[in-house]
Amino acid sequence: MELDRLEEDLRRLGVQEGSSLLVHASLRSLGEFPERAERVVAALKTILGPKGTLLMPALSYKFVTQDQPIFDLMATPSCVGGLSEYFRTSRDTLRSMHPTHSVCAWGADAKWFVEGHEQDQTPVGPHSPFSKLRQAGGFLLFLGCGLRPNTSMHGVEEWVTPPYLFGHERAYSLIFPDGRIQQKRYLPHNFKGYEQRYERLAHLLEGDEMRAGRVLLSDSFLLNANAVWKRGLEAIKRNSFYFVEKITIH
């Protein structure tokens, strides 16, 4: 059965009981089988167990824009794939408060991970679940999507603030679960004229800081979050443009 093999492959890659795990994924890459999102989430929860925490980005930048600057914590969907949206709507899943870069969490430390994100004025500030994953000694799992969609790297960039990073400040309306509405100004990311190249981390990580393997049909990676921040910061301090490439218009 796919579920049995899925768990076996995830364990072989290094996913461990009791850990904090943030997942980026392409469901399609795993292959065709019924209820893919449900089965992937179930397998991850089983492995992590009651002492572990499962996290997924629930980014909403396609729906919450300058022209439509309203974020409803309970209702605004995720725009980063079917697995993320399934997880967002699953039972006992909590979500951090951020108009474009929220994260959903389930498990032992879910509340700690999501609380306080509304205090940040940037997408991946010190109170974001992405930043807290490093504090928790957690891991990043990439299922069939390569290493480019690594939102945690924005947190690394925010520490150094390279010249391409930020755009102009914007105002957003945040709707809380109790119906309360808060107006808040944020400094969004820009990247105009640049392409993100976070797969370059693969050349920096050493030993067990990155593990690669197959999960069902997908080429997958498990990264140590502490190492991602450490190696990433070292590289971007040497060269502020290390993780981007200028887009050439022909």
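Values computed for the structure shown
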item	result
The one condition in (1) surrounded by 21 or more Cβ atoms within 10 Å (Cβ to Cβ); (2) over 11 Å from the mean Cα position of the chain (by Cα); (3) of a type outside the set (D, E, K, R) that Trp159 fails to fulfil	(1)
Condition broken by Ala110, with the remaining ones in (1) in contact with a Leu (Cβ under 7 Å, 6 or more places away or on another chain); (2) closer than 22 Å to Ile181 by Cα; (3) buried (at least 17 other Cβ atoms within 10 Å of the Cβ); (4) not polar (S, T, N, Q) satisfied	(2)
Number of positions in the range 46-56 that are over 18 Å from Lys132 (Cα atoms), surrounded by fewer than 16 Cβ atoms within 10 Å (Cβ to Cβ) and in contact (Cβ under 8 Å) with a residue 40 or more places away in the chain	1
Tally, over the range 92-117, of residues that are part of a helix (DSSP H, G or I) and not β-branched (Val, Ile, Thr)	5
Within the range 1-91, strands (runs of 3 or more DSSP E) holding 1 or more residues that are more than 20 Å from Gly144 (Cβ to Cβ) and of a type in the set (Asp, Glu)	70-72
Residues satisfying the stated conditions in the range 24-43, i.e. touching a helix residue (DSSP H, G or I) at 6+ places or on another chain (Cβ under 7 Å), of a type outside the set (Gly, Ala, Ser) and crowded, with 17+ Cβ neighbours inside 10 Å	Leu27, Leu30, Arg36, Arg39, Val40, Val41
Close pairs from the range 224-242: first touching a residue at least 24 places away in the same chain (Cβ under 8 Å) and closer than 17 Å to Ser20 by Cβ, partner of a type in the set (A, V, I, L, M) and buried (at least 16 other Cβ atoms within 10 Å of the Cβ), Cβ under 6 Å, at least 6 apart	Ala225/Leu133; Ala225/Leu140; Trp229/Val156
Top-ranked residue of the range 118-137 - restricted to ones that are surrounded by 24 or more Cβ atoms within 10 Å (Cβ to Cβ) and assigned to a helix (DSSP H, G or I), ranked as farthest from the chain's Cα centre (by Cα)	Lys132
Unmet requirement for Asp72, which otherwise passes all of (1) touching a residue at least 40 places away in the same chain (Cβ under 8 Å); (2) closer than 22 Å to Asn226 by Cβ; (3) charged (D, E, K, R)	(2)
Residue in the range 163-171 that is over 22 Å from Gly232 (Cα atoms), in contact with a Leu (Cβ under 7 Å, 6 or more places away or on another chain), without any contact (Cβ under 8 Å) to a residue 24 or more places away in the chain and crowded, with 24+ Cβ neighbours inside 10 Å present	no
Criterion (within 26 Å of Asp219 (Cα to Cα) and over 15 Å from the mean Cα position of the chain (by Cα)) met by exactly one of Glu85, Glu35, Glu115	Glu35
Test: Ala202 is out of contact with any helix residue (DSSP H, G or I) (no Cβ under 9 Å at 6 or more places or on another chain), surrounded by 13 or more Cβ atoms within 10 Å (Cβ to Cβ), farther than 25 Å from Tyr61 by Cβ and of a type outside the set (S, T, N, Q)	yes
Verdict on Thr93 being buried (at least 17 other Cβ atoms within 10 Å of the Cβ), touching a Cys at 6+ places or on another chain (Cβ under 6 Å), in contact (Cβ under 8 Å) with a residue 12 or more places away in the chain and not hydrophobic (A, V, I, L, M, F, W, C)	yes
Test result for Tyr186, at pLDDT 95 or above, of a type outside the set (Val, Ile, Thr), touching a Pro at 6+ places or on another chain (Cβ under 8 Å) and under 22 Å from Lys62 (Cβ atoms)	yes
Check on Leu223, exposed (fewer than 15 other Cβ atoms within 10 Å of the Cβ) and either under 30 Å from Thr93 (Cβ atoms) or out of contact with any Gly (no Cβ under 9 Å at 6 or more places or on another chain) (or both)	no
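The values are calculated or read from the model by the stated rules, or taken from the named source; none is laboratory data. Note that this is a predicted model, so its numbers are computed, not measured. Positions of Cβ are backbone-derived with ideal geometry, glycine not excepted, and every protein chain shown enters the neighbour counts.
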